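The values are calculated or read from the model by the stated rules, or taken from the named source; none is laboratory data. Bear in mind the structure is a predicted one, so any value in this text is a computation, not a measurement. Neighbour counts are summed over all protein chains in view; Cβ atoms, including those assigned to glycine, are modelled from backbone coordinates with ideal geometry. These area figures cover heavy atoms from the full protein model, side chains too; ligands, DNA and RNA do not enter into them. Shrake-Rupley method; radii C 1.70, N 1.55, O 1.52, S 1.80 Å.
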Amino acid sequence: MATLIRGKLSNKLSNAATAVSNKSQAKVSGMFARMGFQAATDEEGLGFAACDDLDYDHRQGMQMDIMTTDEMGGEASGDGGTLDGDSHYQRDGTGPSRSASKDGGSTNELSEVRPKITAWEAGWNVTNAIQGMFVLGLPYAILHGGYLGLFLIIFAAVVCCYTGKILISCLYEEDEDGQLVRVRDSYVDIANACCAPRFPSLGGHIVNVAQIIELVMTCILYVVVSGNLMYNSFPNMPISQKSWAIIATVALLPCAFLKNLKAVSKFSLLCTMAHFVINVLVIAYCLSRARDWAWDKVKFYIDVKKFPISIGIIVFSYTSQIFLPSLEGNMNKPSEFHCMMNWTHIAACILKGLFALVAYLTWADTTKEVITDNLPHGIRAVVNLFLVAKALLSYPLPFFAAVEVLEKSFFQDGGRAVFPDCYGGDGRLKSWGLTLRCILVVFTLLMAIYVPHFALLMGLTGSLTGAGLCFLLPSLFHLKLLWRKLLWHQVFFDVAIFVIGGICSVSGFIHSMEGLIEAFKYNIEE
């Protein structure tokens with residue numbers, strides 16, 4: 001009996017000492033994080049401290065039966081090394097389900113509610129982002145870049161695939177056991193971690209601004225392409241391109257009432273299939289004219305003034321980094337993310353290169369900014385109507401995403417919100433919140449009316465935000481957060497991508513602006 005009591009007292013003392021040690025380590029790691037010696041933020045330090053507490057509770061429960069089940073206790077203690085709290089974040093995705101937290105288990109409920117997606121489903125989402133309507137501007141990029149434009153399509157695919165992978169690697173840190181733990185959830189979290197501790201929210205603000213610009217510009221491009229396609233489909237009708245843009249915007253006004261994307265998401269598969277059919281029709285027509293292909297028109301030299309615009313067009317067509325952190329976090333096997341990125345970008349590179357080359361060979365120097373405008377009138381009308389339907393059905397996605405970013409930044413940011421919440425206590429959208437959404441729709445219309453140049457706008461957006469979100473920021477964040485673990489060739493790749501991306505971004509932005517100014521000055525129509 002005395003031996004049993006002595007054993008229990010010894011266990012309690014060791015448990016107390018372990019608890020004090022764990023809490024001291026958490027405080028020290030948090031202090032060093034605030035001093036900037038670690039890449040982790042304060043929230044991440046608290047997350048590791050919570051994991052330490054879970055580990056302590058787990059081992060304490062196991063030791064209650066240590067006197068009677070030595071063998072079982074030893075196995076349980078071995079399992080305690082890989083925490084249930086961490087298993088949710090393991091890259092292999094095969095660990096047990098995440099355990100409930102101390103404050104009520106809300107994380108467990110969220111993980112049960114959210115369905116996981118397979119690598120194929122994730123790849124489908126990435127394909128939708130990088131194989132959308134904006135491939136219609138790629139033949140125009142070949143017009144000004146020749147074979148170098150084709151090389152750039154391949155180069156952009158390789159770089160965007162690489163930066164997507166290193167962006168996801170910035171979501172993870174190694175724990176005490178050397179296991180990769182997901183300590184960040186979004187692009188904004190990565191940016192804030194890089195700017196901490198001096199400017200903990202600066203990086204998030206920069207990323208949010210870039211996201212809003214890119215999403216709103218995407219909405220503008222959908223309105224521009226809708227007006228352009230309708231005008232070129234029915235050139236004999238007394239309706240101008242601006243009038244067609246207004247008609248398209250009237251059809252888009254119900255987007256202001258969106259609360260979620262359930263209704264819109266039902267059309268996503270149909271839109272993608274329709275776009276695939278359209279691409280097949282365009283390529284089939286081009287192949288029917290293979291005898292007349294102008295191989296001699298494909299140049300090895302570039303138009304120095306126009307080619308930087310082509311760079312922005314190509315980069316913008318590969319933009320997908322914004323939603324990759326969320327996509328990877330919802331995969332049931334995150335370890336398959338790298339493989340998914342490889343085959344989606346290889347497929348995109350092949351399809352885009354073939355589409356751009358075949359279309360340019362067919363029309364050569366007469367290639368227009370939107371390639372379907374080169375089709376014969378009969379085929380053009382049918383194809384353009386499908387494209388307009390796809391553009392109008394695709395508009396709500398970036399619009400709703402832009403609204404969410406704006407509302408979270410200015411209306412729902414806790415006590416730091418600049419304006420009151422757009423929603424009432426019953427969850428209904430307030431009248432002034434609806435007015436702000438309608439103003440955003442009208443703003444996209446006004447931009448589409450006064451800047452009706454699809455390729456120039458696409459090049460401007462790709463140079464301004466596309467290069468920043470796809471090239472500059474991922475490589476910069478990778479260097480900042482994982483500097484001590486990078487090999488020399490990884491540092492070289494990151495620095496090279498940052499430098500090349502910066503040069504392309506600045507030159508593309510300058511030449512796109514010059515093109516827009518020239519279009520306004522001489523009243524050049526598309």
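Of 190, 220, 168, 246, all but one fail to be open to solvent by 30 Å² or more (accessible area, probe 1.4 Å), part of a helix (DSSP H, G or I), modelled with pLDDT of 90 or more and aliphatic (A, V, I, L, M); the exception is 246. Only a single criterion out of (1) modelled with pLDDT under 85; (2) surrounded by 22 or more Cβ atoms within 10 Å (Cβ to Cβ) is not satisfied by residue 270, namely (2). A residue that is under 15 Å from the mean Cα position of the chain (by Cα), aromatic (Phe, Trp, Tyr), modelled with pLDDT under 90 and surrounded by fewer than 20 Cβ atoms within 10 Å (Cβ to Cβ) can be found somewhere in segment 119-131.
Screening 502, 466 for residues that are in contact (Cβ under 8 Å) with a residue 60 or more places away in the chain, of a type outside the set (Lys, Arg) and in contact with a helix residue (DSSP H, G or I) (Cβ under 7 Å, 6 or more places away or on another chain) leaves exactly one candidate, 466.
Count of segment 229-260 residues, restricted to those that are over 30 Å from residue 431 (Cα atoms) and among the hydrophobic types (A, V, I, L, M, F, W, C), is 5. Residues in segment 156-195 that are free of Cβ contacts under 8 Å to residues at least 60 places away in the same chain and under 16 Å from residue 320 (Cα atoms): 188 only.
Scanning segment 287-308 turns up no residue that is closer than 16 Å to residue 130 by Cα and not in a helix (DSSP H, G or I). For segment 349-371, a residue qualifies if it is at pLDDT below 90, surrounded by 20 or more Cβ atoms within 10 Å (Cβ to Cβ) and assigned to a helix (DSSP H, G or I), and exactly one does: 371. Taking segment 366-379 as the range and being under 15 Å from residue 289 (Cβ atoms) and not polar (S, T, N, Q) as the test, the residues that pass are 371, 375, 376, 379.
Restricted to helices (runs of 4 or more DSSP H) entirely inside segment 401-512, those with at least 3 residues that are modelled with pLDDT of 90 or more are 431-450, 473-481.
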